[in-house]
1. Consider segment 236-271. How many of its residues are over 11 Å from Ser196 (Cα atoms) and at pLDDT 90 or above?
2. Quick one: would you say Ala72 is touching a residue at least 12 places away in the same chain (Cβ under 8 Å) and closer than 23 Å to Glu217 by Cα?
3. Got a sec? Which of Arg141, Arg197, Arg210 is among the charged types (D, E, K, R) and part of a loop (DSSP other than H, G, I, E, B)?
4. Hey, can you tell me all the residues within segment 260-284 that are β-branched (Val, Ile, Thr) and under 15 Å from Thr171 (Cα atoms)?
Amino acid sequence: MPLVAVLGATGTQGASVATRLLADPTTYQVRALTRRPESAAAQALAARGAQVVRADLNDAGTLGPALAGADALFVVTAYWPSLGPLGRDGAGEEELAQFRNVAIAAAGTPTIRHVVLSTLPGCAAMSGGKLPVPHCDYKQRAAAWIRDAHPGLWARSTQLWVGWYTSNLATVMRPVPVPVPGNDDTSKSYLLALPSRGDALLPMAGDVGRNVGTLVEAVLRTGPATTGGRPDRRLRHGDAARPRGRRRPHQNHGGRRRVAYAEVSDAHMARLHGDVGAELAAQFRWSEAYPDWHGFAPDRTLGLAELGLEEGGRRGRWWGSRRRSGRSRTKSSSKPILGSSPPSRRKGRTRRGREKRR
């Protein structure tokens, strides 16, 4: 039974992966890696059967022992927690160092046969330097470094691109109650203000708590077909949705709420939320110009059908939203390693990659 080490196991993406794999205890063993093994979230994973081990991406000495004996590894790094103290590029440099630390440790762990890297598109490179988005760009710089410095590890890797979290709509992007014409009850009227045109498309990840784990499990089950030469796989998390959706401003939402959409400037977003606002604004503007993640590297993209997934709400299937738009995807470079049976053919897609240099 393969042992899968999951970095960031108490965070959004890592917890999704750990939870999904723990739901199948006859197929996977899970080692939950976290900076705080004593936390309530870590202990909850332990109660479900996970090995909980301390590992800190900023402390290279903790990573080798934490990965010992693992067959597969899920890697997610931490940009946003350091954004405040270090700034946009400072947080990116720290994230780049985190990727290097874990890549060196993984390359030195002979049992590891498959690595899933949570990365994002290289926005600056794709836009010719016009639309940089540091929390995306540094991840691609890290992927390029792994490709060049550890080609053997790269050949066993799959990239996962996770779109914008819909849960952001409950936090920094939360709609606010406002008076809306034609509705006397202000508590049922909301304004959604984002730094993007209302008709633009935004790659969204849907229910990240389910989607990431579902996709990663499918990649591990499929095995080598999802790896090879470069981690270039994106696993879809929903589709590209318009910020304003398909509803007109002020249209009644579900018979209970009226929602108005307004575009705000990047500068206003930065004034409201500091570096977080500036970073999110940069992502929105890049998405306006490059909404279709599926078109970036079609020769290295797997379809959901190739992973044995399909759109829908039943357990074991792809839990994505059904809106149009950018998707989360998987990119990879060769054939499955942990999988044993061929994937079933069902509707949907992701991305597959072949070993080749940029």
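The values are calculated or read from the model by the stated rules, or taken from the named source; none is laboratory data. Owing to the predicted nature of the structure, the values given are computational and were not obtained by experimental measurement. All Cβ positions, even for glycine, are placed from backbone atoms using ideal geometry, and neighbour counts span all protein chains on display.
1. Residues of segment 236-271 over 11 Å from Ser196 (Cα atoms): 236-241, 245-260, 267-268, 270-271.
Remaining after also requiring at pLDDT 90 or above: 267-268, 270-271.
So the answer is 4.
2. Numbers: touching a residue at least 12 places away in the same chain (Cβ under 8 Å): yes; closer than 23 Å to Glu217 by Cα: yes.
When the stated conditions are applied, Ala72 passes them.
3. Working: Arg141 fails: part of a loop (DSSP other than H, G, I, E, B); Arg210 fails: part of a loop (DSSP other than H, G, I, E, B).
Exactly one residue qualifies, and that residue is Arg197.
4. Applying the first criterion (β-branched (Val, Ile, Thr)) to segment 260-284 yields 264, 276.
Val276 - this is the single residue of segment 260-284 that is β-branched (Val, Ile, Thr) and under 15 Å from Thr171 (Cα atoms).
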